[in-house]
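The numbers here are math on the coordinates, done by the rules we state, and not lab data. Note that the coordinates shown come from a computational prediction; the quantities given were computed from them, not determined experimentally. Every residue, glycine among them, receives a Cβ derived from its backbone with ideal geometry; neighbour counts consider all protein chains shown.
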Number of protein chains: 2
Amino acid sequence: MDAETIKRTLDGSGLRCTPQRYAVMAFLMECKRHPTAAEIFESVNRMDPRCSRATTYNNLRDLVQAGLVREVAVEGRAARFDAKGMRHHHFICDRCGNVEDIGWYNVPRPASGSLGKRVLRECELIFRGLCTKCAPRHASG
Amino acid sequence: MDAETIKRTLDGSGLRCTPQRYAVMAFLMECKRHPTAAEIFESVNRMDPRCSRATTYNNLRDLVQAGLVREVAVEGRAARFDAKGMRHHHFICDRCGNVEDIGWYNVPRPASGSLGKRVLRECELIFRGLCTKCAPRHASG
DNA sequence: TGTCACATTAGATATAATCTAAATCGCTCA
DNA sequence: TGAGCGATTTAGATTATATCTAATGTGACA
């Protein structure tokens, strides 16, 4: 994922490509995990101390609003973030709260009657259980 | 939903049926909305000032752990709660954060290969968009 | 009635996220 | 090049949400 691609992605969404915003987006794009805002801040700030906490949160908000990044709320824990690359669903570990990708497959929409006058924008599938790390641990104790 | 049913439900989950716990459970069972913890506390506390904030949160945690209540995390907002009655999916309004029920229908599980060694416990569908209240407001301004 | 585990409490504390007001950046246009 | 100006950034305060603590209460049962 080269710098030019990220710059063009930001430009295409009407977001100026500032060093801080670039750093947040680049980090999310190369990050295999689904980091929390605090993790993103730490990581980006370590690489470039010019990026403050507020800026990290501001940029995450902007990126989510622009549709470039997805925010995943997790019960009782900090939200996780995720650059929208290939479509996928999410698996959330009940034990450690980690969020992982599950390959995308089509989900049947609800009957139009059950939506009423609501405007449907997105439709996502969330799986819950124990992740690979937590499953054996849980089994033994 | 009579008192005896609630008492039996709690007993059946190994939870003592205290007045506070009963009040939280009863409120959730008769509540059509999906209230936040703060709303549950206010409502229950108004009816019976003996139920403190900590107790409300403690009991919500216990009820969720016992599988009687579902917690729904909402991006950027307080979590919502929901007595598990009939199975259903959820619609979350992007604008006001309200959570509403969508009639349940079967969701195809992921291919076992994509789950790896994960232990799958639940599988839920989340719809996002604008609720009935917010849709017209949004269209006009 | 005494005991013990479970429950509850008020208020302090922790955690996550946002707000504020001032400073700075970096386009655009001349 | 440089003035104007809206977008962006900043440190730290503040808010919102939830949990913890240590003392107290409660009820089933011997």
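Would you report the distance distribution of C-alpha pairs in the protein assembly as shown as whole percents per 5 angstrom bin, up to the bin with the largest distance?
For the protein assembly as shown, the pair-distance distribution reads 1, 5, 11, 13, 15, 15, 15, 12, 7, 4, 2, 1, 0, 0.
Relative to the present Cα-Cα distance, how much length would full extension add between A:ARG61 and A:ARG95 at 0.36 nm per residue of separation?
Additional length available on full extension: 9.5 nm.
Distances from A:TYR105 to the same position in the other copies: list them in nm, one decimal, shortest first, using label points 7 Å from Cα along Cα→Cβ.
1.7
For B:LYS117, which inter-copy label distances result when the label point lies 7 Å beyond Cα on the Cα-to-Cβ vector, reported in nm to one decimal and in ascending order?
5.3
Averaged over its residues, how many other protein chain Cβ atoms are within 10 Å of peptide B:101-109's Cβ atoms?
Neighbouring Cβ atoms belonging to other protein chains average 4 per residue here.
Antiparallel as a % of all DSSP beta bridges within chain B, to the nearest 5?
Restricted to chain B, the bridges split so that about 75 percent are antiparallel.
Give the relative contact order (percent, whole number) for chain B; include only Cα pairs under 8 Å separated by 6+ residues.
Rounded, it is 18 percent for chain B.
Given region B:86-141, what percent of its DSSP beta bridges are antiparallel, to the nearest 5?
The antiparallel proportion sits near 55 percent.
Averaged over its residues, how many other protein chain Cβ atoms are within 10 Å of peptide A:67-76's Cβ atoms?
Numbers: counts 0, 0, 0, 1, 2, 2, 9, 3, 7, 5.
Whole-number average of other-chain Cβ neighbours for A:67-76 is 3.
Mind giving me the FRET efficiency for A:GLU39 and B:TYR105? R0 is 30 Å, r the Cβ-Cβ distance, nearest 0.05 is fine.
Working: r = 36 Å, r/R0 = 1.21.
That pair, A:GLU39 with B:TYR105, gives E of 0.25.
Between B:MET29 and A:GLU71, what is the FRET efficiency for a Förster distance of 41 Å, r being their Cβ-Cβ separation, to the nearest 0.05?
The pair B:MET29/A:GLU71 has a calculated efficiency of 0.85.
Cross-chain or 8 or more residues apart, Cα under 16 Å: how many lysine pairs in the protein assembly as shown fit that? Count them up, please.
For the protein assembly as shown, the number of qualifying lysine pairs is 8.
Can you pull the mean other chain C-beta count within 10 Å for peptide B:111-122?
Numbers: counts 3, 0, 1, 9, 7, 6, 6, 13, 13, 6, 5, 6.
Whole-number average of other-chain Cβ neighbours for B:111-122 is 6.
Search the structure for amide H atoms under 5 Å from the amide H of B:HIS90, placed 1.01 Å from N in the peptide plane, and list their residues when 5 or more places away or on another chain.
B:ILE102, B:LEU125, B:PHE127
Quick one: Cα centre-to-centre distance for region B:1-69 and region A:75-141, in angstrom?
Between the Cα centres of region B:1-69 and region A:75-141 lies a distance of 27 Å.
Measure off 7 Å from each Cα along the Cα-to-Cβ vector at A:ALA54 and A:ARG16, then give the distance between these two points in nanometres to one decimal.
1.6
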